[in-house]
Amino acid sequence: MSKINQLQAAALSAPATKAEPTKAPASKTTATKLVATKTVTTKPALAKTVAKKSVVVTSKAAKPAKEKLPKLKMERDSFTMPKAEYAQFYVLKERLVKLGQPAKKSELLRAGIMQLTAMTDAALKAAMSKVPTIKTGRPKKK
């Protein structure tokens, strides 16, 4: 499963834009300034713009500000499930290793949530009717 947040996904889906060359107004020395930009990809998910100077430059080009991606807030939780269903984590993890896509238990749970969210109301109701209700909580001490 890809480790990508919403901002990175939006950045990937947005089209890459190129700035047009700009020409400085003519001065007494008739020096002109041309600035061309190109996109340099260092990683598939991240792209940054680098300014290139050409001809006679009258002033330095401003550096683009680096954008910090906000840190995702995590939520910790605990749950109870039957041992037979819990063992399915290991079966799925082994299948994914064989497919070349190892995953953690939390990634499997998140993938399941994504699938449930994408279902229609009727399909979700049918899927949930197959899941037996279990008593939650910790067992009492003897």
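Here are the numbers:
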| read-out | value |
| --- | --- |
| Unique match (being touching a Leu at 6+ places or on another chain (Cβ under 8 Å), under 25 Å from E75 (Cα atoms) and hydrophobic (A, V, I, L, M, F, W, C)) among L124, L109 | L124 |
| Qualifying residue in region 80-92 (condition: assigned to a helix (DSSP H, G or I), more than 24 Å from R138 (Cα to Cα) and more than 20 Å from the chain's Cα centre (by Cα)) | yes |
| Selection from region 105-128 of residues that are of a type in the set (D, E, K, R) and surrounded by 12 or more Cβ atoms within 10 Å (Cβ to Cβ) | K105, E107, R110 |
| Hey, K93 out of contact with any strand residue (DSSP E or B) (no Cβ under 7 Å at 6 or more places or on another chain), surrounded by 12 or more Cβ atoms within 10 Å (Cβ to Cβ), of a type outside the set (S, T, Y) and at pLDDT 95 or above or not | yes |
| Pairs, first modelled with pLDDT of 80 or more in region 126-142, second assigned to a helix (DSSP H, G or I), C-beta under 8 Å, six or more apart | A127/L116 |
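The values are calculated or read from the model by the stated rules, or taken from the named source; none is laboratory data. Owing to the predicted nature of the structure, the values given are computational and were not obtained by experimental measurement. FYI the Cβ positions are ideal-geometry reconstructions off the backbone, even for glycines, and counts take in every protein chain you see.
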